[in-house]
1. Give me the pairs, please: first residue somewhere in region 19-36 and without any contact (Cβ under 8 Å) to a residue 60 or more places away in the chain and open to solvent by 40 Å² or more (accessible area, probe 1.4 Å), second residue anywhere and in a loop (DSSP other than H, G, I, E, B) and polar (S, T, N, Q), beta-carbon distance under 9 Å, and either six or more positions apart or on two chains.
2. Return the only residue of Lys157, Lys164 being under 30 Å from Gly467 (Cβ atoms) and basic (Lys, Arg).
3. Considering only residues of region 335-351 that are without any contact (Cβ under 8 Å) to a residue 12 or more places away in the chain and either closer than 30 Å to Ala294 by Cα or over 34 Å from the mean Cα position of the chain (by Cα) (or both), which is surrounded by the most Cβ atoms within 10 Å (Cβ to Cβ)?
4. Criterion first (hydroxyl-bearing (Ser, Thr, Tyr), touching a residue at least 40 places away in the same chain (Cβ under 8 Å) and within 15 Å of the ligand (Cβ to nearest atom)) does Tyr412 satisfy it?
5. Starting from region 387-404, take each residue that is under 10 Å from Cys361 (Cβ atoms) and list its partners that are more than 8 Å from the ligand (Cβ to nearest atom) and modelled with pLDDT under 95, counting only C-beta distances under 7 angstrom and pairs at least six apart or across chains.
6. What residue, of Ile273, Ile326, is modelled with pLDDT of 95 or more, within 23 Å of Leu138 (Cβ to Cβ), among the β-branched types (Val, Ile, Thr) and over 17 Å from the mean Cα position of the chain (by Cα)?
7. State the number of residues belonging to region 134-179 that are touching a residue at least 24 places away in the same chain (Cβ under 8 Å) and either part of a helix (DSSP H, G or I) or surrounded by 18 or more Cβ atoms within 10 Å (Cβ to Cβ) (or both).
8. Here is a check on your reading of the model: is Asn463 open to solvent by 30 Å² or more (accessible area, probe 1.4 Å), closer than 30 Å to Thr243 by Cα and either more than 16 Å from the ligand (Cβ to nearest atom) or among the polar types (S, T, N, Q) (or both)?
Amino acid sequence: MTNHIFKTGESRDQVSLLPARIDDYVGSDNPVRAIESFVCALDLARLGFRHADRGAEEAGQPPYDPADLLKLYLYGYINQVRSSRRLEREACRNLELIWLLKNLRPGYRTIANFRKENWSALKAANRSFVLLARELELVGGSTVAIDGSFFHGDASKASIFTRKRLKEQIAKLDQDIEAYRKSLEDNDAAEAKRPRKNRGNATGGGRGGDIGAKVAELMAKRSRAQADLARLEESGETQLSKTDPDARLLVKSNQGIAGYNVQTVVDDKHKLIVASEVVNDSSDVGQLHAMAKAAKDAVEAEVLQALADEGYYSSLELKACEDDGIIAYVPVPEGNRVVEKRGRFGRRDFNYDARADAYRCPAGEPLRPINGRWQNASGRIEIRYASRKAICQTCRLRSRCLGENASQRIVYRWEHEDVLERDRARMQGADELMRRRSAIVEHPFGTIKCRAGYRHFLVRGFNKVRGEWSLMALCYNFSRVLNILGLKRFMERIANALSSPPRAPTALPRLVHAALSRFWSSFPSPFALCRHTLSCTS
Ligand code: SF4
C-alpha cells in the first residue's frame, strides 16, 4: 500500500481547540444571526408569548425567556429538528445553537411546553412575518392560489372510530361472546356426562374458568364500544378519535390518513404563504371564501384574484367571494353526468337568455319561469323554468330530452345563478392561469412535505396543531425570503421600508413598525451578515 499523507485534525488535548469566545463559534456571515435578529426584533409580549411551564425539572430557577425558546424552535424547524428531545440534545452539542442560546440548555419538557402553550402567539408571529414580507414588497397582493393538503396527525387510523365501525365492532364482539358462551355450555354438558369421580380431573377440566374470563373481557370491551357509540351519537360528530380528539380519518382519491387538512393561500409573486388554516374535514368545499378573505385581509388588497381547483366549487362560496371583492377562478366540476351518458340532454344543453329571462332548449324552444320559488336541499332559493307541454309532445328530440313519464322539461335556476355564469365565463380563457395555480400553490407543500419532510404533526388537538403549523409556515416564509433576497438585499430592503413612509400607515399595525425599527437597528451594519441562505430553503 502506498504511503498516503492525509489531513489530520488537531489534538484533543490541545487547550484551545474551540475559539475562546462563543461569538467566534459562528461566522459573521452565518444565517443563524438572522434568526437572532428577527426574534430580538419582535415584541413577544404583544404577540402573546409567555414563558413555558417548566414543571418540576428546574424548580426554583427563573423561567427561560420566550425569545430564547422561539429562537430554538425557529432554528430547529428550519433545520429539520422538531422533537423536543432532539432540540434539547442539539442545544448542548450544536455550536450554532450554543451561540444562539448563549449556552442555555433548556430541558425537553420546557421546550415541549413552550410549543404547546404558545400556539396562538406562534400564529401571531407567523402573521407578523407576512406583514413584514408585504412591507418588503415581496407580496404581490393581486393573485393568490388556494389549496389544501393532508398531514398525518399524532394518531393512528385504528384510534378513530365511525358509527359504522363501532357498530361492526359491537356485532363482532356479540358473535365472539356467543361463540364462547356456547363453548362454555358444551363444556358444562360434557362435564355433567362424566362420572362424578372423574369430574374436574379430565384434560381441559379447567377450561371453563378460562372461557369465563375471556367472556368477561369481551363483555367489558363491548360495553366500552357501546359507550363510545353513545358518546359519538350524543356529540353529533361523525367520528370519534381516541388519541388526538380533533384528528379525523380523511379520504381523498381512495387514500386515507388520520390527521388534518391544511389549507394555504399562496401569493403568486414569490410563493409566500399569506394565509393558512388547519381543518379536519376531507373536503375543501366550504373553505374558498374563508381562505380568500383571510388572504385579502392579510395583503390588504382592494380586489383579489383567487385561483382554486374544482374541489372548492360551491355556489354559496363563489357568491360570498363576489360580495367581498374576490374574483374567484374555480373550474366547474364535471360531475358524473349520468343523464348525458345515457344520451340525454343535460342541464348545460339549455342556454339562458337573460334578456328574455328564459332558457332555450336544444330544439330552440323557450323554457319560461313558472310561479313560485323553490328551496333546494342545500338551502338555495331556485326558480323553475318549464317548457310548454304542447310543444314537447310533438318535439322530434323528445326521446333525448324527457323521461318516460314526463310531459315537459323543468330547469332550476338559482336566484344568484349569474355568479356561476360569471365564473364559467372566466374559466373559458383561464387554462394558463390554472396551470399557474398548480405551480404557485404546490411550491410550499412540496418544500414543507418533501424537502423538509414535515408530513405529520407532533402535537395533538386543534390549537396545538395550528401552533405547530404556524411554525412550519413561518419557517417556510422566513427561509424563502432569505433565499429570494439573500441577506444583504434583505437588510437593504428593510432599510428602504423604514426610510420610506408606509403605504398604508393607518392599516399597518404598530407592532410591525416597532418590529421593523428594532429589527433594523439591531444590526451594526447591513453588510455584517452573510449572503448565504439557510440550508433547507428551496
Ligand atoms: S322535448 Fe320540449 S324541452 Fe325538450 S327539446 Fe323538445 S321542445 Fe325542447
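1. That search, which allows pairs on different chains as well, returns nothing.
2. Criteria check complete, one pass: Lys157.
3. Once the filter is applied, the top-ranked residue is Val339.
4. no
5. Qualifying pairs under 7 Å: Cys392/Ser407; Cys401/Arg344.
6. Of the residues listed, the single one that is modelled with pLDDT of 95 or more, within 23 Å of Leu138 (Cβ to Cβ), among the β-branched types (Val, Ile, Thr) and over 17 Å from the mean Cα position of the chain (by Cα) is Ile326.
7. Result for region 134-179: 31.
8. yes
The values are calculated or read from the model by the stated rules, or taken from the named source; none is laboratory data. Note that the coordinates shown come from a computational prediction; the quantities given were computed from them, not determined experimentally. Backbone-built Cβ (ideal geometry, glycine too); neighbour counts: all protein chains shown. Ligands, DNA and RNA are stripped out before the accessible areas are found, and what is left, the full protein with its side chains, is counted by its heavy atoms. Shrake-Rupley method; radii C 1.70, N 1.55, O 1.52, S 1.80 Å.
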